[in-house]
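The values are calculated or read from the model by the stated rules, or taken from the named source; none is laboratory data. Since the structure is predicted, the reported quantities are computational estimates derived from the model, not experimental observations. Glycine gets a Cβ as well: all are built from the backbone with ideal geometry, and neighbour counts include every protein chain shown.
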Amino acid sequence: MKIRAASAGAHARGVPGRFRRDESGAALVEFALVFGLFVFILYGLITFGMMFELKQSITNAASEGARSVVGVVDNPATPNDERIDKAKATVAQRLNWLGNKYVETSDLAATMETCAGSATAQCVRVKITYPYQSRPLIPPAPGLGLVTPNSFSSQAVVQVSQ
C-alpha cells in the first residue's frame, strides 16, 4: 500500500471543499469596500472645496461692495442712496457665479452710518449672510450635514467721508 503526500497540484484534482481556498470573489469585495470609502472621501473634499469657495466669495464681495462706495456722491433729490445701490450692485456682480436661485436680497444688508470714534465721518457697512443649510451648493450626503455650517457671513466697513 502506497501513501501519497498531497502535492501542490492537489487543488486542481478535486481536494474536498474544506481544504480548498477559493478566492475568486475576494478582489471584488475588496474593491467594493475601498471604492465606497474613496467616493465618500472624494465627495467630502469636493463639498469642503465648494464651501471654502463660497466663504471666500462672500468675504470678497462684502469687501468690494464696501470699497465701491468710495467716491460715489449721493444725490439727495433721489429716494434711494446711490452709495447703497452701488454697494448692492457690486455685491451682486461678485456673487453672480452662484446664479439667480442662490442670491436673494434678504442675504445682503448695506447701511450708511456714523463711524465709531468720530462725530462726522460716514462709513458704509456691508454685511452678507448666506444660509448654507437651507440652500446648499451640493446636496448633503448622509452624515455629512453634522459637520457643515448652518450659514456663512462676512461684513466689511469702509469710511467714505470725513
Do we find that Ser154 is assigned to a strand (DSSP E or B), modelled with pLDDT of 85 or more and closer than 30 Å to Ile41 by Cα in this structure?
yes
Considering every residue within region 60-80, establish whether at least one is under 17 Å from the mean Cα position of the chain (by Cα), closer than 30 Å to Leu42 by Cα and either of a type outside the set (Lys, Arg) or modelled with pLDDT under 85 (or both).
yes
With criteria (1) surrounded by 14 or more Cβ atoms within 10 Å (Cβ to Cβ); (2) within 12 Å of the chain's Cα centre (by Cα); (3) over 15 Å from Ile58 (Cβ atoms); (4) not charged (D, E, K, R), Pro136 comes up short on (3)
Only one of (1) surrounded by 17 or more Cβ atoms within 10 Å (Cβ to Cβ); (2) over 22 Å from Ile46 (Cα atoms); (3) not hydrophobic (A, V, I, L, M, F, W, C) is not met by Tyr130, so which one is it?
(2)
Please find, among Val126, Val69, the residue that is assigned to a loop (DSSP other than H, G, I, E, B) and β-branched (Val, Ile, Thr).
Val69
